[in-house]
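Comments concern the structure below.
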Amino acid sequence: MCPGGQPGSMTSHDVHGTPTARRILGAAAALATLPYVTMKIAWLTGNPVGVTDPRILEGAGMPVMNAITVLLDLCVVALAVALGSRTALRFPVLPVLLPAWVATGLLVPIALVSLPMTLVLPPATATGMATWVHPMVYGGFTVQGVCLLTAFALLARDRWGARVTTHHRAEGAARPLLRALAGGGAVTAAVAAGLRVVGGWGSGDPVVLVPAVVTAVLIVIGVAGIVGLTAGRPGWPVAVAAWVGSAVAFADGLYATATTMGATELAAGGGSPATGVAHVAGLLAGFALAVAGMLSMSGPGAALPGAGHGVPDEMRVQSPVARSAQG
């Protein structure tokens, strides 16, 4: 939930080793994509490495989904390179925030739930995959998540640290919009979280219930973070809660929608109607909460996200809403 910056947002952190740390983390994240991308390319070229039941690759939507996931991992590489760049502090805001936010929503649940459950539970025999595939895939995603999000956190500290820790309240024309987005997003998120738990409980399967509960908890944490931001309470814990919770809500719904529309094996028996509604509600809620977070942290004197392409944040032009609020 980081808006355009303000004077002083470039701190001395960037001079004392932060770019080097970001470059190392970015390189590690990029390298962690190699096993997954290699396997997917093998599938696309007709080599079913790691597949024990070739039928799972025969669905009409699987080649498209495999190609999309390869492209997504290439986006991870591009983001990793961008975060490690010496010019990262001068990049336009949205091209940095948007992919980092979506990556947060996709990778955090894998690190918190998917990898631990894969390592703890006995290997499933009905997945059509070799037993090493899921640990390799989820392990790679977890490394990507840890490295990528740590690099982004360092960039956010250097670029928006002062704004995150400063009290802000939206004024003027932005205030009614903020209330509508935060209120509507919170209600929709509550529906999504509740239905995720209902769907997981109704499955009778702990493998389904545990991820559903963790997702619901993260969504609720996101709502709490947005409530804190809209109330003008600054601080990293509030901002991180809003960032992670809104991202998880959005990405959970986005992934489920993509696999369902793609008619792949990933969507086969894809859950109860409650779970389906939860995914759609989460997609909408995550977007609304994210926009509310951006507005609440912008406040008077902030720049429009993405304005001032290629220039430092403190040199960007004030938004019209901010000018009208001050005038």
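The values are calculated or read from the model by the stated rules, or taken from the named source; none is laboratory data. Keep in mind that this is a model prediction, so the values were computed, not measured. In this analysis, Cβ positions are derived from the backbone assuming ideal geometry, glycine residues included, and neighbour counts consider all displayed protein chains.
Residues in the stretch 144-197 that are over 12 Å from ALA288 (Cβ atoms) and among the hydroxyl-bearing types (Ser, Thr, Tyr): THR150, THR165, THR166.
Scanning the stretch 282-299 for any residue that is assigned to a helix (DSSP H, G or I), modelled with pLDDT of 95 or more, under 25 Å from PHE152 (Cα atoms) and touching an Asp or Glu at 6+ places or on another chain (Cβ under 6 Å) turns up at least one such residue. State yes or no: is PRO211 in contact with a Pro (Cβ under 7 Å, 6 or more places away or on another chain), more than 25 Å from VAL291 (Cβ to Cβ) and not charged (D, E, K, R)? In short, yes. Suppose we keep only residues that are in contact with a helix residue (DSSP H, G or I) (Cβ under 6 Å, 6 or more places away or on another chain) and crowded, with 24+ Cβ neighbours inside 10 Å within the stretch 242-252. Which one would you say is farthest from LEU289 (Cα to Cα)? Here the answer is ASP252. Would you confirm whether or not the stretch 202-220 contains a residue that is buried (at least 18 other Cβ atoms within 10 Å of the Cβ), free of Cβ contacts under 8 Å to residues at least 40 places away in the same chain, assigned to a helix (DSSP H, G or I) and touching a helix residue (DSSP H, G or I) at 6+ places or on another chain (Cβ under 8 Å)? Yes, because at least one residue in the stretch 202-220 is buried (at least 18 other Cβ atoms within 10 Å of the Cβ), free of Cβ contacts under 8 Å to residues at least 40 places away in the same chain, assigned to a helix (DSSP H, G or I) and touching a helix residue (DSSP H, G or I) at 6+ places or on another chain (Cβ under 8 Å). Of the residues screened, GLY140 is one that is over 15 Å from the mean Cα position of the chain (by Cα), more than 22 Å from ALA242 (Cβ to Cβ) and buried (at least 21 other Cβ atoms within 10 Å of the Cβ).
Need the failing condition index for THR230 against (1) at pLDDT 95 or above; (2) closer than 15 Å to MET297 by Cα, just the number. Among (1) at pLDDT 95 or above; (2) closer than 15 Å to MET297 by Cα, THR230 violates only (1). The listed residues are THR69, THR52, and the only one of them that is touching a residue at least 24 places away in the same chain (Cβ under 8 Å) and in contact with a strand residue (DSSP E or B) (Cβ under 8 Å, 6 or more places away or on another chain) turns out to be THR52.
Which one of the conditions (1) part of a loop (DSSP other than H, G, I, E, B); (2) buried (at least 18 other Cβ atoms within 10 Å of the Cβ) does ARG233 fail to meet, given that it meets all the rest? Status for ARG233: all satisfied but (2). Only a single item in (1) more than 25 Å from VAL291 (Cα to Cα); (2) touching a residue at least 12 places away in the same chain (Cβ under 8 Å); (3) not aliphatic (A, V, I, L, M) is not met by PRO123, and it is number (2). What do you reckon, is ARG22 more than 25 Å from ASP252 (Cα to Cα), at pLDDT 85 or above and surrounded by 18 or more Cβ atoms within 10 Å (Cβ to Cβ)? It is true that ARG22 is more than 25 Å from ASP252 (Cα to Cα), at pLDDT 85 or above and surrounded by 18 or more Cβ atoms within 10 Å (Cβ to Cβ).
Just name the residue that is nearest to VAL208 (Cα to Cα) out of those in the stretch 114-128 that are among the aliphatic types (A, V, I, L, M) and surrounded by fewer than 19 Cβ atoms within 10 Å (Cβ to Cβ). Ranking the qualifying residues of the stretch 114-128, first place goes to MET117. Checking each residue in the stretch 145-173 for being over 30 Å from ALA80 (Cβ atoms) and surrounded by 23 or more Cβ atoms within 10 Å (Cβ to Cβ) picks out only ALA170.
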